[in-house]
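Bear in mind these aren't lab numbers, they're just calculated from the coordinates by the rules spelled out. This one's a predicted model, so the numbers in the text were calculated from it and none came from an experiment. Positions of Cβ are backbone-derived with ideal geometry, glycine not excepted, and every protein chain shown enters the neighbour counts.
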Amino acid sequence: MEYIFYYGAVKKYPTNRMLGRRQVTDGKAGEYVWQTYEEVYQKVMRIGSAIRSLGVEPGAHCGIYGSNCPEWVMAMQACNSQGICYVPLNDTLGANAVDFIMDHAEISIALVQESKIKSILAVVPKCTAHLRGLPTANLPI
């Protein structure tokens with residue numbers, strides 16, 4: 001259902017701002033750089049297609065492990081576009097929380113921010129029953 005609303009917004013407001021990120025220069029936050037609904041949609045569809053090309057079927061569970069950023073939202077909508085359940089992987093309670101979530105939710109693939117690769121590799125040996133892949137995403141935060 002969530003994807004239907006997103007797709008409706010893409011069709012109704014393709015040139016409106018959707019996701020933004022502040023440019024940081026010399027440690028100072030500058031202006032936001034925005035992506036439109038249509039720009040984000042094109043990226044969402046490419047990510048979703050890439051996930052499916054790895055053999056992940058609708059109904060499977062995809063973990064998303066990274067900081068809050070535009071790419072996290074794109075990963076979420078990519079899963080929604082393909083009928084794949086997204087599962088936020090939260091490490092604020094420690095690495096054991098990620099291990100538990102991945103195992104309990106039967107995560108078959110996880111999209112991982114580069115800065116989180118070391119953390120997830122530490123728990124992967126405990127989560128191999130369902131895990132098929134760990135593609136990294138360029139999540140810059």
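Side notes on the structure shown:
- Screening Tyr32 on (1) of a type in the set (Phe, Trp, Tyr); (2) free of Cβ contacts under 8 Å to residues at least 24 places away in the same chain; (3) within 21 Å of His104 (Cβ to Cβ) shows it passes everything except condition (3).
- Only a single item in (1) surrounded by 11 or more Cβ atoms within 10 Å (Cβ to Cβ); (2) hydroxyl-bearing (Ser, Thr, Tyr); (3) free of Cβ contacts under 8 Å to residues at least 12 places away in the same chain is not met by Thr25, and it is number (1).
- In summary, strands (runs of 3 or more DSSP E) completely within region 29-141 and bearing 1 or more residues that are in contact with a His (Cβ under 8 Å, 6 or more places away or on another chain) and of a type in the set (S, T, N, Q) occur at 107-113.
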